[in-house]
Structure formats: structure tokens, C-alpha cells
1. Tell me which residues, restricted to the stretch 30-48, are open to solvent by 20 Å² or more (accessible area, probe 1.4 Å) and at pLDDT below 85.
2. Pick from S123, S60: which is at pLDDT 80 or above and of a type in the set (G, A, S)?
3. When the stretch 63-81 is examined, which residues are found to be open to solvent by 30 Å² or more (accessible area, probe 1.4 Å) and either over 16 Å from S6 (Cβ atoms) or outside any strand (DSSP E or B) (or both)?
4. Checking the conditions here, which among L107, L103 is farther than 14 Å from K18 by Cβ and either open to solvent by less than 10 Å² (accessible area, probe 1.4 Å) or at pLDDT 85 or above (or both)?
5. Give the residue, chosen from K49, K4, that is free of Cβ contacts under 8 Å to residues at least 40 places away in the same chain, farther than 21 Å from G105 by Cα and not in a strand (DSSP E or B).
6. Say we look at the stretch 82-95 and pick out the residues that are in a loop (DSSP other than H, G, I, E, B) and touching a residue at least 40 places away in the same chain (Cβ under 8 Å); which of these is surrounded by the most Cβ atoms within 10 Å (Cβ to Cβ)?
Amino acid sequence: MIIKGSNFSVMDNSGAKKVQCIQTLGGKKPTSLLRVGDKIVVVIKKMEKVKGAKLKVKKSDVCYAVVVKSKQKVRRQSGISIQAAENGVILINKNKEPIGTRLTGILFKEANRNSLLKNVSISKYII
């Protein structure tokens, strides 16, 4: 179940590794459940260890993100249910553009329901 306070893995190369949800966006109540494709506000908890590279975010920064995969089962119109081994997000800026230049891992195609076409177009693996 994805709620306020849930931990996520970051699926892009922005420099963050683990984030935690602190607020939901889109007029939802804070206690409501999140789905794949929802926008959230996250705080960065863990960073990647990279020597000599300038990272785009820092630890304890507050950023926007989009949920792209979840442990909770996602049911499709065709009747298929899919789920991932971990919750995943993509960090975005205020203009709904991804902070990272590459997306790693598998994304659910339901992540595109908020018209975030650029996120899906730069990904290799969409299920």
C-alpha cells in the first residue's frame, strides 16, 4: 500500500537512491491511497556514492516525483494484475520534466496517465 510516509527507490540517474513521501498532490486527502501515475512530494533520504561527479540533487532536498511502479497490485482493463518487487518513482521539476536524463528499470504504462509523455519516451522498458 502506498501512503504518506512510504519509501521509494528512485528510477533515474539524478543522484538520489531512496526517497520518502511527505505529501500527496492533486487535491487528494493526505490519508488517501496513491496509485501509479500520481504526483507526490518527496524528501531525499539516501544518495548514490559517486566521486567527482556533480549530482543534480542533494540529501534532504524536497522534490516532486511521479510514482511509476508499486508493490501494490495494479489491475488493467484486460484483467491482468501486475506488481513490482519495490515501489519506484521518477524525480521531476515543476514543469513535469524529469530531473535525470535516463530511466533505469521497468516502468508501468499506467505512469503515463497524467500526460507525462516525456517520462515514458525516455524509458527502455515499459510493461
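1. Result: P30, T31, S32, L33, R35.
2. S60
3. K71, Q72, K73, R75, R76, Q77, S78, G79, I80, S81
4. Residue meeting the stated conditions: L107.
5. Going through K49, K4 in turn, just one is free of Cβ contacts under 8 Å to residues at least 40 places away in the same chain, farther than 21 Å from G105 by Cα and not in a strand (DSSP E or B): K4.
6. Here the residue is N87.
The values are calculated or read from the model by the stated rules, or taken from the named source; none is laboratory data. The structure presented is a predicted model; accordingly, all values stated were derived computationally and were not measured. Using ideal geometry, Cβ is built from the backbone for each residue, glycine included, and neighbour counts are taken over all protein chains shown. Keep in mind that these areas ignore ligands, DNA and RNA; they rest on the heavy atoms of the full protein, side chains included. Shrake-Rupley method; radii C 1.70, N 1.55, O 1.52, S 1.80 Å.
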